[in-house]
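What follows is calculated from the coordinates using simple rules that are stated; it is not laboratory data. Since the model is a prediction, treat every value here as computed from it, not as a measurement. A quick note on method: Cβ atoms are made from the backbone with ideal geometry, for glycine too, and the neighbour counts reach across all protein chains shown.
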Amino acid sequence: MRIGSKFLTREIKSFGSKLGLAQVGVAPPDLSLWGERFRHWLDQGFEGEMRYMARDASRRTDPRAVFPEVRSVVVVSMNYYPGDRYRGCLQDPAAGYVANYALHEDYHPLIESKLTQLLQHIRSLTDDKVQGKIYVDTGPVLEKAFAVMAGMGWMGRHSLLISQDAGSWLLLGVLLLDVELDFDEPVRDQCGDCTRCIESCPTQAILSPYVVDARRCISYLLGELKGAIPVEMRPRIGNRVFGCDDCQWACPYNKGAVVSTEASFSPKKELTFPSLIVLMGMREEDFKGLFYNNPVMRVKRNRFLRNVAVALGNSGDQRAVPALEKRLSDPDPMVREHVEWAINRLAESPPLEKGEGGI
Ligand code: B12
């Protein structure tokens, strides 16, 4: 069966919208300009411990190296915005802030399954002739660059994709196809002279527009870094225990964001305003129960307790001391070191004002 590229592109977009995807765009498999920028980023060591980024740089900068037959790149996005109710958690020193993308089920299998259905649909329309490869986050693919080339928005100064209509609370997935489709046109950068994301970053991780030094980004410190969190960074982490959304909360394009209707993205109650003292007391089985099929599971119990200890140290809440002292005998030396730091910091903190940090 022969099928025109225009017809197939239209079918892909309409099936994508039936699957509940927020956007479906199509880009050519050519990253030349972005590849150069990516290498420049690596040259400065901004990837920190994420050494795989440098190791597979030649694949990351050329989709033909991962799929030699690739002719088109389909990029999809899903809206995960939970509304601004949970933002208040950042103001509650007794609670741990979990970033919006981790308040619910892990997005990787969900987007992968939608892309699998999309690929099956494409194959059914083409007598199984089309082959494809699916990537969601963990593959050697510059997803944001492809999304920009696919006209789904522009790269904001925080380096995330911003869509004029949908804002930036979008998660991405990519489908490489060996068939030529109709490519979308990129859209104009509409950040103007706004620098709110840069100014809002608690650790000044956005060094210049579009360039994030991952080693300073709270999301990296809490989610990627395996060892101790640098002491000078700890006070700036505030009460965040996983991920950071400040650059996105600051973005004017997120003001009109619409709450996600995807059932799998509805926030888990226990993760909105979770008590830091309760989190500090978690046993291995509690951790596994709470974070089953959740992105936090990746950091395992010890790194999560490390994060919670930092947040408690920053809380000014003396009531946390007994829970921290119990953890001084944790089998993990990294956990113990962060707990000691938290106890010492609390000893130096002024007591909370009345009404602050109610547990
Ligand atoms: C590594 C990684 C991280 C690292 C590094 C962050 C980063 N900015 O790259 C860390 C752990 C810090 C991180 C944090 C977050 N991440 Co992340 N992360 C990734 C991952 C796996 C790779 C990204 C990458 O290649 N980075 C390398 C750098 C060099 O690439 P880059 O930022 O795109 O850099 C470009 C710019 O510097 C640009 N550039 C340079 N000069 C110029 C000049 C001009 C004019 C222009 C236009 C561009 C430009 O070119 C570079 C090459 O593309 C992707 C998934 C994927 N496979 O793509 C998810 C991904 C980018 N992350 C995502 C998310 C949601 C987050 C967080 C919001 C999570 C959170 N709440 O904590 C934060 C956001 C922090 C931030 N402001 O970036 C989403 C972003 C969705 C979106 N709307 O864009 C992705 C796409 C995952 C997904 N599948 O949805 N992440």
*Among the residues of the range 21-44, is there at least one that is of a type in the set (V, I, T), more than 10 Å from the ligand (Cβ to nearest atom) and under 20 Å from the mean Cα position of the chain (by Cα)?*
yes
*Here are some residues: E325, E340. Which one is of a type in the set (D, E) and surrounded by fewer than 15 Cβ atoms within 10 Å (Cβ to Cβ)?*
E325
*E47 vs. criteria touching a residue at least 60 places away in the same chain (Cβ under 8 Å), over 18 Å from the mean Cα position of the chain (by Cα) and surrounded by 13 or more Cβ atoms within 10 Å (Cβ to Cβ)*: no
*Counting just the residues of the range 68-93 that are crowded, with 23+ Cβ neighbours inside 10 Å and small (G, A, S), which one comes out nearest to D165 (Cα to Cα)?*
S77
*Listed residues R60, R55; which is basic (K, R) and within 10 Å of the ligand (Cβ to nearest atom)?*
R60
*Restricting attention to the range 113-127, and to residues there that are surrounded by fewer than 18 Cβ atoms within 10 Å (Cβ to Cβ) and either in contact (Cβ under 8 Å) with a residue 40 or more places away in the chain or over 30 Å from V258 (Cα atoms) (or both), which single residue is nearest to the ligand (Cβ to nearest atom)?*
Q117
*Does any residue of the range 175-191 turn out to be near the ligand (Cβ under 7 Å from one of its atoms), touching a Pro at 6+ places or on another chain (Cβ under 8 Å) and under 25 Å from S5 (Cβ atoms)?*
no
